[in-house]
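J.: My questions will all concern the structure given below.
Values in this text are rule-based calculations from the coordinates and carry no lab data. Small disclaimer: the values here were computed from a predicted structure and weren't measured. Don't worry about glycine lacking a Cβ; one is built from the backbone with ideal geometry, like all the others, and counts go over all protein chains shown.
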Amino acid sequence: MTKNTTLTAVTGDMPHKRFRGKRAIAIVAAGLLLAGAGGAYAFYSTTGAGTGSAKNAPGNGTLVLTASFAPGLTPGASTPVTFTVTNPGTSTLNLNTITSVVSTSPSGCLPADFSISPVVVDIRVPGTPKNQAAVPVAIQPTGTLAFADTALNQDLCKDAIVTLTLSSN
């Protein structure tokens, strides 16, 4: 034997509506659940703080310097020396003064017979963007390499190779 349960809802002036059975209970429960879910929203407010750090590169890299001068220098003569600089790193670097040390081959040709003064350039050399090839940049002013005409026999300097080893600060 099945027993019927009748629920009666009274609202203001509205006529009575009757809900029957388990279906009516489920609808009422779902409605209460949805109403409760909307009202159960809460949060905490707070503030935050923190730090971040990273170590910089140990140095900005080095510049690549090159020198060029005409062949055929003779005792008592001089020749202009042009310089280029390449910055393969990504940071802009300063180039202040180029200093040259002369060496010769064969050893009987005396490096002391050659001179070149330091060249003050005082320029900023831009870095090379990542994934691009570094491009040499011509430097102004130029230097002058002089070959002294001494009282000694300088025959060992005929066809000698004169090398300038460059440094900068």
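J.: Can you put S117, S53 in order of Cβ neighbours within 10 angstrom, beginning with the fewest? Write out the running numbers ahead of the final one.
T.: Values: S117 11, S53 4.
Going from least to most buried by this count: S53, S117.
J.: Where does each of S167, S100 land when they are ranked from fewest to most other beta-carbon atoms within 10 angstrom? Could the numbers behind the result be given before it?
T.: Values: S167 11, S100 21.
Ascending number of Cβ neighbours within 10 Å: S167, S100.
J.: Still on this structure, please answer the following. If you wrap a convex hull around the C-alpha atoms of the range 64-168 and split its volume per residue, what is the figure in Å³?
T.: Values: hull volume 10.1 nm³, N = 105.
Each residue corresponds to 96 Å³ of Cα convex hull volume.
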